[in-house]
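Right, one structure below, let's go through it.
The values are calculated or read from the model by the stated rules, or taken from the named source; none is laboratory data. From a predicted model like this one, the values you see are computed outputs, not experimental measurements. Please note: Cβ atoms are built from the backbone with ideal geometry, for glycine as well, and neighbour counts cover all protein chains shown.
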Amino acid sequence: MSANSEAPAKRKAAATARPVAGQCLCGVVCFEIDYPARWAWHDHSSASRRAHGAAYATYVGSWRKRFRVIKGMAAITRFEDKAARTTRSFCARCGTPLFYERARSPHMVNIPRALFQSRTGRQPLYHIAIEELQEWTYTGGPLAPLKGFPGVVWERSKKNKRVDNEGLF
């Protein structure tokens, strides 16, 4: 057998790797992708910020042929943004953002990373629309425990330094 005839069989085996499962908040919609995902990134765009109600959204991208909805197809509702040529899918029962698709990438499905129950095989290495990063977004500053609230940490406020003797008396 030639090397060329073996290559497709190896690719096929990789494409049928173990699945990674995900679901919406209420569990009505369940889906899976083949491991590993294609790529992962943080999206700071205003559209993703509003769709998720968060500072940014972290997505995992999968080839459409390696993505399957296993339960709850009837519970998926879609919002099509014709101007941006994107479609966002949500669980009609609990409102969880499920999938993000772009017309310019018809072979890809983008899924919020937080919906997966285990590793996806990709770490988010990319930041998209970083110029839209909000000034209130946590960017990794030092955190300290908040006294009296176990499990809560906070960024200590920066003390304003007085200039000269201003405001002493």
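List of remarks:
- Residues that are within 15 Å of residue 29 (Cβ to Cβ) and either in contact with a Pro (Cβ under 7 Å, 6 or more places away or on another chain) or among the β-branched types (Val, Ile, Thr) (or both) within the range 76-97 comprise 76, 77, 88, 90, 96, 97, listed in sequence order.
- Considering residues of the range 10-37 that are β-branched (Val, Ile, Thr) and either at pLDDT below 95 or not in a loop (DSSP other than H, G, I, E, B) (or both) only, the residue nearest to residue 89 (Cα to Cα): 33
Each row is one residue, and each column tells you yes or no for (1) surrounded by 14 or more Cβ atoms within 10 Å (Cβ to Cβ); (2) among the acidic types (Asp, Glu).
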| residue | (1), (2) |
| --- | --- |
| 34 | yes, yes |
| 38 | yes, no |
| 46 | no, no |
| 61 | yes, no |
| 66 | yes, no |
| 86 | yes, no |
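- Those strands (runs of 3 or more DSSP E) of the range 47-120 in which 1 or more residues are more than 16 Å from residue 33 (Cα to Cα), at pLDDT 95 or above and within 17 Å of the chain's Cα centre (by Cα) occupy 57-63, 86-91, 97-102.
- Only one entry in 113, 66 is closer than 22 Å to residue 19 by Cα and free of Cβ contacts under 8 Å to residues at least 60 places away in the same chain, namely 66.
- Extreme residue, nearest to residue 55 (Cα to Cα), among residues of the range 136-169 that are in a loop (DSSP other than H, G, I, E, B), small (Gly, Ala, Ser) and modelled with pLDDT of 80 or more: 140
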